[in-house]
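Everything on this sheet refers to the single structure shown next.
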Amino acid sequence: MSVSRDDFGIAFRSALLQRGASHKFSIFSLIIVAIIIFFLDVYGFQAVKTTRSFINDLVYRVTYLASTPTRLFPGINQGIASHFNLKKENEELRQVIERYKAQDLNLEYISNENKNLKKVLDTEDVESVSNIVLAKVLVDRNSPFLKSIIINKGSKEGIIKGMPVTQNKYLIGRIVETNYLSSRVLLLNDLNSRIPVTFDTSSTQAILTGHGTRKPTLEYLPEGYIFEDDITVFASGKDGIFNAGTPIGKTKDNGEVDLFVDPNQLSFVTVNLIKPTKEVF
C-alpha cells in the first residue's frame, strides 16, 4: 500500500513540476495513470508490479518530452506576459509622446511671442528706452464699432490717461483708462477715436476718424480736396497728446487710411511715457 502511494505521489509531483498551458494534457494523463496503478495495486493484481516499472518509465519520458519546449525555449512562458507588458509600455510611451508634443507646441508659441517681442524692441531707440513701457496685450475687446485692447501694465509703471501707444514706432492709439496693473488702449479705428493729422507735401490738416472698421477715414479736409493713393499720414501733435510726426498709415483715393499696424494683430505694444499737455477726458 505504501509503495503504491509513493508511486502515485512521485508521478503526481512530477506532473506538477511542469508549468504552462502546454502541459495540461500530460498532467491529466499522469493523474489517470496513477489512479489506475493505485487501484490495481490495492486489489492485489501482481501483474502491476511487472508493468509498473514500464509504466513509470513511460510516464517520466512523456513528462520529459512535454517539458522539452520549456527547456529548449526558457522564455516561452514569459512570452505571453511579455506581450501584454509590451502593450502597456507602448501605451505609456504614447502618452509620453503626446505630452512632449504639447510641450513642443507650447515652445513654438513662446518662440513666436519672443519673435514678436524682438521686432518691437528692435525698433526702439536705446536712448529712449527709459521713456517707454513695453506691454503685452491681454484682452482684445473688439466689437462691431468699439475697438480697444487691455494691456498688462498700468499706473504702477507710471502710465496715465492720454499717453500715446505705438508698435514698431507706428501710432496705434492712446491710453483711456488705467488701473494699478493694467490699462485700456483706445485704438485708432474705434468709433470714438478722433485725432488731428497731417499729410502730403502741402502738410494738409485733417481729422483721422474711426468708424469701427479696419480703416479710419480723413475728415474736415479743405473744400474740393482730391485724395491720392500712398501718401503717408502723420500725427500733427496739435491735440497735445500725440507726438508730432508719428507715422500712422497710407492714404487711399477714397479718403480711407490703411494703417501701418493691423489693429487685429496686436501682441506687444509700447506706451510712451509722455504726459499730455492737455487734459484728456
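May I ask you to evaluate 6.51 cos²θ - 1.76 cosθ + 1.60, the Karplus curve with θ = phi - 60°, for each residue of region 183-189 and list the ³J(HN,Hα) values in order in whole Hz, giving x for glycine and proline?
Karplus values, whole Hz, x for Gly and Pro: 8, 10, 10, 7, 7, 5, 8.
Testing the spin-label approximation: label points 7 Å from Cα along Cα→Cβ at I226 and R99. State their distance in nm.
In this crude label model, I226 to R99 measures out at 7.0 nm.
So for the pair T204, I32, with labels modelled 7 Å out along Cα→Cβ, what separation do we get in nm?
Simple spin-label model gives 11.0 nm for this pair.
In debye to the nearest 20, how big a dipole does region 126-272 give about its Cα centre with +1 on each Lys and Arg Cβ and -1 on each Asp and Glu Cβ? Let's see the in-between values first.
On the way: 15 positive and 16 negative charges, 155 e Å.
Dipole about the Cα centre, nearest 20: 740 debye.
Multiplying the sequence separation of Q265 and E89 by 0.36 nm and subtracting their Cα-Cα distance, what value in nm do you get?
Separation in residues times 0.36 nm, less the Cα-Cα distance, equals 59.0 nm.
Once phi is turned into θ = phi - 60°, what whole-Hz ³J(HN,Hα) does the Karplus curve with 6.51, -1.76 and 1.60 give for every residue of region 147-154, x standing for Gly and Pro?
Karplus-based 3J(HN,Hα) across region 147-154 equals 10, 8, 10, 10, 10, 8, 10, x Hz.
Considering every Cα-Cα pair within region 126-272, what fraction, in whole percent, is farther apart than 23 Å?
Values: 3435 of 10731 pairs.
Here the long-distance tail beyond 23 Å is 32 percent of all Cα pairs in region 126-272.
At a 10 angstrom cut-off on C-beta neighbours, averaged per residue, how do the peptides 212-222, 256-266 rank from highest to lowest?
Sorting 212-222, 256-266 by mean packing, highest first, produces 256-266, 212-222.
Can you tell me, using C-alpha contacts under 8 Å and at least 6 residues apart, the relative contact order of region 147-274 as a whole percent? It would help to have the intermediate numbers written out before the result.
On the way: 310 pairs, mean separation 30.9, N = 128.
RCO, region 147-274: 24 percent.
How many nm separate the modelled label positions at D253 and R141, each set 7 Å beyond the Cα in the direction of the Cβ?
3.9
Every number in this text was worked out from the coordinates using simple rules, so none of it is lab data. Note that the structure is a prediction, hence the values are computed from the model and not measured. All Cβ positions, even for glycine, are placed from backbone atoms using ideal geometry, and neighbour counts span all protein chains on display.
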